[in-house]
Every structure is written in structure tokens, then in C-alpha cells.
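The values are calculated or read from the model by the stated rules, or taken from the named source; none is laboratory data. Here the structure is a predicted model, which is why all the values come from computation and not from measurement. Don't worry about glycine lacking a Cβ; one is built from the backbone with ideal geometry, like all the others, and counts go over all protein chains shown.
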Amino acid sequence: MALLEVRDLHVYYGNIEALKGISLSANPGQIVAILGGNGAGKTTTLRTISGLLRPRSGSVMCAGKSLVGVDAHVIVGMGVSHVPEGRRIFNILNVEENLNLGGYLIRAQHQLIKERKAAVFGLFPRLAERRGQLAGTLSGGEQQMLAIGRALMSDPKVLMLDEPSLGLAPMLAKSVLKTVREIADRGAAVLLVEQNARQALAIADHAYVIEVGRIVLEGNAAVLAKDERVQKAYLGGFESVGSA
Amino acid sequence: MGDFLQYTVIGLTVGSFYALVALGYTIVYGIIRLINFAQGDLSMVGAFLGWTLLVSFGFEHLPIYLALVIAFVVPMIGTAVVNLGILQFAYKPLLRRSLLAILITALGMSLLLQNSAELIWGAAIEAYPPNLLPSSGFFVGPVHVTYVQIALVVASLLLMGGLVAFIQGTTIGTAMRALAVDHDAARLMGINVDAVIRIAFVLGAMLAAASGVMLGIYYVQIHFTMGFLLGLRAFTAAVLGGIGNIPGAMAGGMLIGLLEAYTTGYLSGTWEDVVVFGVLITVLIVKPTGLFGERVAERM
């Protein structure tokens, strides 16, 4: 059984079925990309795994434990970190306070907090330079680094990233995704939602394509990148824009 | 000039009570966007709990420091429990539903506390022991300052300092500030949002209770309706400073206290409410975000 195992997830918004039986899995060291257009259900999938939404049926298991029905703040402690769409950093707090909150569950272990912060600063030196600065005054790229760094403070087994490259200049997007690869190489399972399919497939090991709440394609990322259907739907014509 | 300074001393004393209650409004508003209209009445509950201990139980005869510690700490805990009960049974079922419903419930809770207090302690005016603290004082030039005034202002400042240290200096305090921005993002940090809301209600109630006991010591007389006007004035103070903003609530409280003292001194006590609520209306029209508040208001 995989580290993260999602089976036949059905999620509703009121009477509207947003996820119609999503199944996916991810293992340590793996980047698993979830691709799909707007409203396909990518964000809903992540929000359900992290406990912000409750599924009507289906199962989510992490390291053999069920996450369904568990409160979002408890799921963090079970090793799943979610960097939400739009970064959602705490703009009135400074960089360091944002990171401290990322380590909220280990807040009594000052030494551990210090080590984790040092590790985040190692990954994103820019954040170290701006540790006392209000997060709301950071550039978009720095805010994304902060959002990822904040999620790493809990040393997650599974890191879920929702559109980490959205709104970033192409160079910066590339560098953020390179760091995501680095995080996976250190042993985390990464679930990566991206509209920028080309770049996502370039760093991912495995990928799923979602359309209106269903998985329509899955497979090795390199193979999918060459798949005609994927190229037509997600890779064609978007190159110059960088994202769909 | 002498008059002016004398009124200033009085205004700062009373203002520190308003500031404590205003902080309760502002902390709770910052986190769940609720004007907890029971805030002033929590102060009244604290005043009566303190009175019960000092007078009914006779703790006023204990050594003064011991009596004061008991008369502050026990009502602060008791009132915190009351506020947690209100949160659990009245507000929590409505959270994430309708802000209007919860606002009306808050008004209901204010009435509930008043009527419960009348039921428990009666409708009569009760009196704190008049000489609990030495009523003497000293002159600074033409201005008379009493030891009671100094003690109460210092105690208020200590409580406010403690609150600021907690909110600025601890991770739980940081989490409280984070909740003013984004509840879901806070959950994703592992923050138990419900628990932090409870902490905010405990802090708000403790500050209100402390101000209630202080009012009892300062004015001697207490009554089950005393929380109503106190609450409205403290609310004005919170709005004046920018609701959701902690330094703003403190400054707003002091300003309202000063305004009240100057009005009483230069005009007459009957004009107090006209001036205070005139200020509320003016602030709401001219600068609805208050003197210091822009952060929270941008989300409204």
C-alpha cells in the first residue's frame, strides 16, 4: 500500500458532485502531478485530503491511517501538509511568525523549531534575508517560498501544493518547481496540482489527469508528456503564457 | 489648568476600565467578526462575583493583598467560565452560519446576564467595602491623585501589558493574530481554531471581570444594569481605536475616559453620553475603520 492512498472519493458541494470517484496514490520521494482544467476538481481533491472538506464517500489513508472525518488541524499532525491555492500566507505577520505557525504543533520544542527554520532558510535563502518583514510586503515569488517553507515546518510525509507557480514569472516558476523536486528527493511524497502541465510533467514521476471530477488518464509523467491527448488538451498553445 | 489636569487624572482612571472591556470586544471581533455585546455585562458579573467574595464571604477582613488577589482572580476565572458557556451554547451553533443571527444572540446574552444577575444578587444597589484601599492621596501641584487611582491604573496597565506580551510573544498569540486573517489557512498549520477561539473568550472575559472589580472598588456602588452603558462606551472605545486592533482598543478606552471626564468637568455629567455616542457616530461616518484600524476593516 502506498504512503498516501485515495480511493473512490466522492465530494459534493450541496447537490453538485464535484468529485465523482477519484483514486490516486503517492509514495515517498515521488512527485505526483494532478493536471486538469479549471473546475476539474484538482483543488477539491487536495482540500478533501487535508480535511477542509468532507467526502460523502471514499477513503483517504496516510501511512495506514484514515484521514476521513479527521479535523484539518489534526491531519497536519499526521504528516500531511497542504499549501493552498493563492498561498494564503498571513500577511499581517512577519516571515518568521508565519514559519513559527507552520511549526504550531511542535511549538514547545524550541530546538526543533530552530532546526526546521534553519532548514527552510537553507532551501529559500531569500526568506532568511526577510525574516522580520511583513509577509504581505513580499513579492509573489517570495510569498510562494514562504507558503512552501511554512508547510515544511511540520516536516510532512506528504506535501500537497496547489498551483505553486501561478502568477510567477517563468524563471521564478521554474526555480520554485526545482525546489519542489528537491523536497521530494529528500523523501517527501509530493502531490502537485498545476495548470502549467508542461513544467509539472517535467519534474513529476507520475501524473493524473482530471476532467469534471473524474480521472481520465494516469501514468508515468514522461509517458504522459508524450501522450497525444495530453499534448492536445494541456500542452498545446499555452507555452508562451506559461499557464493555462 | 489645574482643573484640566485633575480631569485628566480622572479620565485616565476611568479610561483604563473602558480599555479593558474594549480589549475584550476587539479580541473576539478580530477572530470571529462578532461584536460580543455581552462584554459589558461580563464586567458586571465580575463586579458581583468580587462583591460576593469581599462582602458576603467577608474576605474584605483578610490581609489586604490576599483579599485583593482573591477578589480579582476568582471573578476572572468565574467570568471566563460564564463566557465559555455562552460561546459553547449560544454562539458556537451559529458560527459559520449567519453573522446577523449571532449578533442578535449576543444582545440576547447581554440581557440574559443582566436578568440572571438580578435573579441571583437582586435588584438593589450593592456596595463594595468603601475603605478596601486607603482613600487618601497626595497633591502633585494643584492635582489630587489618590492611591486607589494609581493602584487601579497600574493594575490595568499590567493586565494590558500581559495581554500584549501574550499576543505578540507566544505562538498561541501569533495564532490568534493569524485567525484575524484566515481560518482555513490556520487549520492547515495545525492550529485548533476552536481552541484558539475559546482562549480569546477566556481572555476577553478575564479583562472584563477585572474591570468590573475595579469599577466596584473605584465607584463603590454596583448594580446589575451597570454593564450596559459600560459595554456601549467600551464598544465606542473599540470602534474609535479601530475594532480588531489591540493598541487601538487601549487608546480608544483612554480617549473615551478622558472625553467623559472633560465633559463632566466642563459641561455636566448629563452630557456624557451625548458626547461619547456623538463621537461613535462621527467615527462611523468619517472614519469607520477607527483611528488605528485598517487591517481588519479591509476584509469587511
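Within the stretch A:56-73, track down each residue that is more than 14 Å from every other protein chain (Cβ to nearest Cβ) and either over 23 Å from B:ASP194 (Cα atoms) or surrounded by 23 or more Cβ atoms within 10 Å (Cβ to Cβ) (or both).
Once the filter is applied, which keeps residues that are more than 14 Å from every other protein chain (Cβ to nearest Cβ) and either over 23 Å from B:ASP194 (Cα atoms) or surrounded by 23 or more Cβ atoms within 10 Å (Cβ to Cβ) (or both), the stretch A:56-73 yields A:ARG56, A:SER57, A:GLY58, A:SER59, A:VAL60, A:MET61, A:CYS62, A:ALA63, A:GLY64, A:LYS65.
Residue pairs, Cβ under 7 Å, 6 or more apart or interchain, first in the stretch A:48-61 and modelled with pLDDT of 95 or more, second aromatic (Phe, Trp, Tyr). List them.
Partner pairs satisfying both residue conditions: A:ARG56/A:TYR12.
Would you check which residues across the stretch A:31-52 are surrounded by 22 or more Cβ atoms within 10 Å (Cβ to Cβ), part of a loop (DSSP other than H, G, I, E, B) and more than 14 Å from every other protein chain (Cβ to nearest Cβ) and list them?
A:GLY36, A:ALA40, A:GLY41
Name the one entry in B:LEU84, B:LEU99 that is at pLDDT 95 or above and either under 18 Å from B:VAL193 (Cα atoms) or exposed (fewer than 14 other Cβ atoms within 10 Å of the Cβ) (or both).
Only one candidate qualifies: B:LEU84.
Looking only at the stretch A:19-30, count every residue that is assigned to a strand (DSSP E or B) and surrounded by fewer than 24 Cβ atoms within 10 Å (Cβ to Cβ) and tell me the total.
Counting residues in the stretch A:19-30 that are assigned to a strand (DSSP E or B) and surrounded by fewer than 24 Cβ atoms within 10 Å (Cβ to Cβ) gives 5.
Looking at the stretch A:122-129, is at least one residue surrounded by fewer than 15 Cβ atoms within 10 Å (Cβ to Cβ), of a type outside the set (Lys, Arg), within 14 Å of chain B (Cβ to nearest Cβ) and more than 16 Å from the chain's Cα centre (by Cα)?
Scanning the stretch A:122-129 turns up no residue that is surrounded by fewer than 15 Cβ atoms within 10 Å (Cβ to Cβ), of a type outside the set (Lys, Arg), within 14 Å of chain B (Cβ to nearest Cβ) and more than 16 Å from the chain's Cα centre (by Cα).
Restricting attention to the stretch B:44-68, which residues are of a type in the set (Gly, Ala, Ser), touching a residue at least 24 places away in the same chain (Cβ under 8 Å) and out of contact with any Ser or Thr (no Cβ under 8 Å at 6 or more places or on another chain)? Give the steps one after another, and end with the answer.
Initially, the stretch B:44-68 is screened for residues of a type in the set (Gly, Ala, Ser), giving B:46-47, B:50, B:56, B:58, B:67.
Going one step further and asking which of them are touching a residue at least 24 places away in the same chain (Cβ under 8 Å), we end up with B:46-47, B:50, B:67.
Scanning the stretch B:44-68 gives B:ALA47, B:GLY50, B:ALA67.
Out of B:GLY169, B:GLY141, B:GLY161, B:GLY216, I need the residue that is more than 14 Å from chain A (Cβ to nearest Cβ), exposed (fewer than 15 other Cβ atoms within 10 Å of the Cβ) and within 30 Å of B:LEU34 (Cβ to Cβ). Which one?
When all the criteria are applied, what remains is B:GLY161.
Pull up the stretch A:150-178, narrow it to residues that are more than 14 Å from chain B (Cβ to nearest Cβ), in a helix (DSSP H, G or I) and touching a residue at least 40 places away in the same chain (Cβ under 8 Å), then point me to the one that is nearest to A:GLY51 (Cα to Cα).
A:ALA173
Hey, can you tell me all the residues within the stretch A:130-149 that are assigned to a helix (DSSP H, G or I) and of a type in the set (D, E, K, R)?
Here is the first cut: in the stretch A:130-149, the ones assigned to a helix (DSSP H, G or I) are A:135-137, A:140-149.
A:GLU142, the sole residue that qualifies.
To keep it simple, each residue is scored yes or no on (1) at the interface with another protein chain (Cβ under 8 Å from one of its Cβ atoms); (2) in contact with a strand residue (DSSP E or B) (Cβ under 7 Å, 6 or more places away or on another chain); (3) basic (Lys, Arg).
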{"position": "A:ARG54", "(1), (2), (3)": "no, no, yes"}
{"position": "A:ILE75", "(1), (2), (3)": "no, no, no"}
{"position": "A:GLY79", "(1), (2), (3)": "no, yes, no"}
{"position": "A:TYR104", "(1), (2), (3)": "yes, no, no"}
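Condition (residue is within 14 Å of chain B (Cβ to nearest Cβ), within 21 Å of B:MET176 (Cα to Cα), among the aromatic types (Phe, Trp, Tyr) and part of a helix (DSSP H, G or I)) applied to the stretch A:90-97: is it met by at least one residue?
no
Can you name the helices (runs of 4 or more DSSP H) wholly within the stretch B:182-300 that have at least 2 residues being of a type in the set (Ser, Thr, Tyr)?
Values: elements: B:183-187, B:193-219, B:226-241, B:246-262, B:272-286.
In the stretch B:182-300, B:193-219 are the helices (runs of 4 or more DSSP H) which contain 2 or more residues that are of a type in the set (Ser, Thr, Tyr).
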